[in-house]
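Q: One structure follows; several queries about it will come next.
The values are calculated or read from the model by the stated rules, or taken from the named source; none is laboratory data. What you are looking at is a predicted structure, and each value in this text was computed from that prediction instead of being measured. Note that we place each Cβ from the backbone using ideal geometry, even for glycine, and neighbour counts take in every protein chain shown.
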Amino acid sequence: MSHPPDVRPLVDLAGRARLGSLATIARQPAGWPFATLVAVAFDGRGRPLLRLSRLAEHTKNLEACSRASLLVVEPSSERDDPLALGRMTLVGECEPVPAPEAQPAHAAFAAAHPEAAAYASLADFGMWRLEVDAVRWVGGFGRMNWVPGDAYARACAARAR
């Protein structure tokens, strides 16, 4: 009988991560994976929040195909072996945050990234959110697991209360 994975490290990482690698499906060259560095915050359900410019290639890719993943890695020091650090790849659909939910998303992002205020009001920037279908957790060498998106979201919501 298998035991459900421990999602606490994922929730902790979501609370600390500020940067990630966003992977989208490229328009050019068509169909290839395309990864970029983005600033990220997380809402109370563990969904990544991204403030993206319509001018950016990753945003144009998302407008054509919303399937995406986001890799975040636990903070490290120069002495750490980066491959021994905890990390997670969140997989799902990434779309603009609906207008009724935009203010809390903006507030969460601003709390994580106060420096973003300088470009937050520019017309080409908008809030995007990854709806997490699944999470691949790697806790270092030999420690890994797939976690269903709903289990991850429940754990994040429980911590947020």
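Q: Output the number of residues of segment 146-161 satisfying the condition of being assigned to a strand (DSSP E or B) and either touching a Cys at 6+ places or on another chain (Cβ under 8 Å) or loosely packed, with under 15 Cβ neighbours inside 10 Å (or both).
A: Summing the residues that are assigned to a strand (DSSP E or B) and either touching a Cys at 6+ places or on another chain (Cβ under 8 Å) or loosely packed, with under 15 Cβ neighbours inside 10 Å (or both) in segment 146-161 gives 1.
Q: Would you check which residues across segment 75-90 are of a type in the set (A, V, I, L, M, F, W, C) and either in a strand (DSSP E or B) or closer than 26 Å to S121 by Cβ (or both) and list them?
A: Scanning segment 75-90 gives M88, L90.
Q: For segment 35-78, give me the residue count where each residue is farther than 14 Å from E131 by Cα and touching an Asp or Glu at 6+ places or on another chain (Cβ under 6 Å).
A: The qualifying residues number 3.
Q: Further question: For the structure I just gave you, tell me whether C65 is within 23 Å of A151 (Cα to Cα) and of a type outside the set (G, A, S). Don't jump to the end; show me each part of the working.
A: Details: within 23 Å of A151 (Cα to Cα): no; of a type outside the set (G, A, S): yes.
It is false that C65 is within 23 Å of A151 (Cα to Cα) and of a type outside the set (G, A, S).
Q: Conditions first: (1) in contact with a Gly (Cβ under 6 Å, 6 or more places away or on another chain); (2) surrounded by fewer than 14 Cβ atoms within 10 Å (Cβ to Cβ). Q103 passes all but one, so which condition is the exception?
A: (1)
Q: Next up: Mind telling me which of the residues G31, G46 ends up being without any contact (Cβ under 8 Å) to a residue 12 or more places away in the chain and in contact with a strand residue (DSSP E or B) (Cβ under 7 Å, 6 or more places away or on another chain)? Explain how you work it out, then say what you get.
A: Working: G46 fails: without any contact (Cβ under 8 Å) to a residue 12 or more places away in the chain.
The unique qualifying residue is G31.
Q: Additional query: Looking at R136, R159 in this structure, which one is in contact with a strand residue (DSSP E or B) (Cβ under 9 Å, 6 or more places away or on another chain) and under 20 Å from R16 (Cα atoms)? Even if it seems obvious, please write down each step before you answer.
A: On the way: R159 fails: in contact with a strand residue (DSSP E or B) (Cβ under 9 Å, 6 or more places away or on another chain).
Result: R136 is the single residue among R136, R159 that is in contact with a strand residue (DSSP E or B) (Cβ under 9 Å, 6 or more places away or on another chain) and under 20 Å from R16 (Cα atoms).
Q: Now, a different point. Tell me yes or no: at least one residue of segment 83-90 is of a type in the set (G, A, S), modelled with pLDDT under 95 and more than 17 Å from L52 (Cα to Cα).
A: The answer is yes; a qualifying residue exists.
Q: Check T36, T24, T59 and return the single one that is surrounded by 14 or more Cβ atoms within 10 Å (Cβ to Cβ) and free of Cβ contacts under 8 Å to residues at least 24 places away in the same chain.
A: That would be T36, the only listed residue that is surrounded by 14 or more Cβ atoms within 10 Å (Cβ to Cβ) and free of Cβ contacts under 8 Å to residues at least 24 places away in the same chain.
Q: Suppose we keep only residues that are of a type in the set (G, A, S) and free of Cβ contacts under 8 Å to residues at least 60 places away in the same chain within segment 133-161. Which one would you say is farthest from P104 (Cα to Cα)?
A: My answer is G142.
Q: Something else: What residue, among those in segment 91-118 that are in a loop (DSSP other than H, G, I, E, B) and closer than 19 Å to L22 by Cα, is modelled with the highest pLDDT?
A: Step one: of segment 91-118, the residues in a loop (DSSP other than H, G, I, E, B) are 97-98, 113.
Now drop any that are not closer than 19 Å to L22 by Cα, which leaves 97, 113.
Details: V97: 98, H113: 95.
Across segment 91-118, the extreme among qualifying residues is V97.
Q: Does F141 count as part of a loop (DSSP other than H, G, I, E, B) and either at pLDDT below 95 or crowded, with 19+ Cβ neighbours inside 10 Å (or both)? So that I can check it myself, show each step before the final result.
A: On the way: part of a loop (DSSP other than H, G, I, E, B): yes; either at pLDDT below 95 or crowded, with 19+ Cβ neighbours inside 10 Å (or both): yes.
Here the answer is yes, as F141 does meet what is asked.
Q: Would you mind stating whether L130 is in a loop (DSSP other than H, G, I, E, B) and touching a residue at least 60 places away in the same chain (Cβ under 8 Å)?
A: Against the criterion (in a loop (DSSP other than H, G, I, E, B) and touching a residue at least 60 places away in the same chain (Cβ under 8 Å)), L130 does not qualify.
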